[in-house]
Structures are given as C-alpha cells and as structure tokens.
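The values are calculated or read from the model by the stated rules, or taken from the named source; none is laboratory data. Here the structure is a predicted model, which is why all the values come from computation and not from measurement. All Cβ positions, even for glycine, are placed from backbone atoms using ideal geometry, and neighbour counts span all protein chains on display.
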Amino acid sequence: MRAIRYIRFSITIIAICLLISGCVWCDSKKDEEKTGREYANQIDKELVIVDDPEYVDRVQRVGQALVKIANSQEVNASYGESKIYDFKYQFKVIEDKDVNAFALPGGFIYVNTGLLDVIDSDDELAGVLAHEIAHIAHHHTSRLLKEQSKFDKYVALIALAGIFGKVKNTDLNNILLGAQMLRTGKTSSQTMDAERDADRTAVAYLARSNFKAEGLLTFMQKLDRIHAENPSLPLGIYKTHPSPFQRIDSITQAMVAEGLAPNVRKLKGVAYAQVVADENSDQYKVIICDRDVCMPASLKNGGPTSKERAEQIAKRINTMLDSGIRAKDIIENTASSCLVAGNIEIFKVEPEDTKARKNTEVLAQAKSALERAAWADWLCNSCTASRELTSVTSD
C-alpha cells in the first residue's frame, strides 16, 4: 500500500512539473488580454455590475483621461516591464461596500461602490485609478505569475527528489514546508515591489494629467482616518496594499522627482495646523495632530474675525514647523499673554478670548498642543531618516 501511495504521489508531482514547464504566463499583449478577459467574464457573472451613471460616467471619464497618458507615454518600470501594449481599458463598477479597487491583465479595472462613496474629488479618484492602470501598464500580474511558477516548479522538483531518494514522509513534509515558506516570502516581496512601482508610476501619470497628484495621498490619509474611527469597516484595499502611512514617503519623493514640489508636512498630516469651524459656536479653531490649539474670538471694533485670526495662527504654526522649531523652543510668555517660538509670535491672547477661561489656561493648552506637534514632526522625520540610512547601509 505504501508503494502505491508513493506511485500516486509521484504521478501527481510529475504532472505538476509538466504543467508548470509547459505554461507561458502572458508573454504577449494577446496573452494578457486573453487572461484578463477570462477572469473578467467570470467576475461579471458572479458579482453585481453597476450601471448607475452617477458612478459609471465619473469612473469612465477620469479613467480614460489617464489611459491616454499610459498608452502614449512610457514610464520606466522598477518592477515588471515598461513596454506599452496599448490596451483597450475597460472600467466597471461593482456593487460592494468594501473600499477597494483591483485590476486584471489586459486592461480590465473594477472599482467598488464602497470606494467611490468615500472619495471627495476627481483628484482622489484619479490617484486610485492611476495606481490600478500602472499595474496593468507595467505588466505586474504577468511578472508575479512567472515568479510564482518558478517556485512552484522548485517545490515540485524537491518533492520528486525526496520520493526518488526515499526520504521519510516526515522529512519530506518538512522540506516541502520550507520550500513553501520560501515561495511565500519571495512572492510577498515581489508584491510589495509591484505596489511601490504602481505608486511611483501613478504619480508620473498624474503629473502629466490635469489631476493633482496630492489626491493619491489625501485618499490614503482618509482611509487611515476612516479605519481608525471604524475598525470594523471593510477596507479591502488594506489586504493587498501596504498601509497608507508607509507609502507616503515614497510617493512624496516621487512627486518631488516629477517637479511637483508637494507640501510634505501637509501631505503627511502628522504636524500640520488646520482651521475648522467649531460645532458649538460661530467661532473657528486651530487644530493640529487632532488636538485643539486655540479658538480665537472675533475682535471688536472692526478687528479680524475668528476665522481670519485662526487662519493667521495656523499659518504661523506651519511656518514655525517648516523652520525646524523643536518643543524646547516654544515659550509661554505670561507677562504679555503670548506664545512664542523662536522669533515668531504664534498666538496672543486677547480679552475676547478669555470670557470663560484664564489667560494661563489658554496659553497652556496652545503650548501643549504645539509641543506635541513639534515632537511628532521630529519623530516622523527621524524615522524616515533612519529608514533611508538602513536602506543605504543594507545595499
């Protein structure tokens, strides 16, 4: 009986080897289109395709504008292949609350209604679609399938060697497990390479379009915020992509390389002062790192309004952080009711600001928020520098 089991197992492994060695994974435009069409036909049967013009027309309009660029302007691929195949792209919308989009070889792109519902601008939609188009244009799926087939053959050959060498079952299982783990690790690495190339290529497409490349980053920041507020909300895009925060550095670097000069602090969203309307009054407040800095009141006798003062304060804070101010440089001057950083007066407490609170309380709150922001900004920059240093030394 044991001999029969070995023979059956051997036949199975040999069949796998023959199948793998005879496969050609999308080595031409025709192959990629055929593979993509086969999968697309299956998806169209199993999922609900939306025909609502509110969704479909928008995706088609933005997507086809980017396709013209992808099919006419070659962008060097860091993973896959940059050769242009001039695919006839098809965009479809799926009825699914999952915040996700995906691409198939040959020009087939699907976008979930859940993703479209959280997008606020064409720039954000363009960022998502440019990323998916890049996967197709640089033939990432073909490359991944080829890499996977190599390791499948490797696993099969190991099994054959074990059988013909009369390796014990337990030893053979351990060998196969090790080979499978090696394959999984290698494939995961290749997938991350594909994602990085798709991000970089998407920025190149956006730089050549009428859309703002910042949309790619604001969308990812939105995903991070939504997920933090609703951990149970399905965000399928996290299953196949690195976390948004991990991608921001590489994307901003790609934007700089394209001459877009992004506001890195604003795009990172770590330490960037913003003005928002207060929900409980007609005043505006300054927030940073999700903490309230201050809520300046409108000044009497034709002075600046609450919104105008808040905008001025936010501008000074961002200028302060751009100059490299650290937490120790932020000083609370109680004598003049001012908060100062370096040579910049950030915020002066006026009588109208202190109807319900003391000067010292207002200044203490502002100082605490700014110290935290300066620390977060320093930490973020230090971590980025550490990653870059590690990358250089490992090379």
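Counting the residues of region 112-151 that are in contact with an Asp or Glu (Cβ under 8 Å, 6 or more places away or on another chain), surrounded by fewer than 22 Cβ atoms within 10 Å (Cβ to Cβ) and not hydroxyl-bearing (Ser, Thr, Tyr) gives 3.
Working only within region 62-85, note down all residues that are free of Cβ contacts under 8 Å to residues at least 40 places away in the same chain and charged (D, E, K, R). Once the filter is applied, which keeps residues that are free of Cβ contacts under 8 Å to residues at least 40 places away in the same chain and charged (D, E, K, R), region 62-85 yields Lys68, Glu74. Considering the conditions (1) at pLDDT below 90; (2) under 23 Å from Thr218 (Cα atoms); (3) surrounded by fewer than 16 Cβ atoms within 10 Å (Cβ to Cβ); (4) not basic (Lys, Arg), Tyr272 is excluded by exactly one of them, (3). Is it the case that Ile251 is within 29 Å of Thr113 (Cβ to Cβ) and at pLDDT 70 or above? The answer is yes for Ile251. When Ile109, Ile84 are checked against the criterion of being among the β-branched types (Val, Ile, Thr) and in a loop (DSSP other than H, G, I, E, B), Ile84 stands alone in meeting it.
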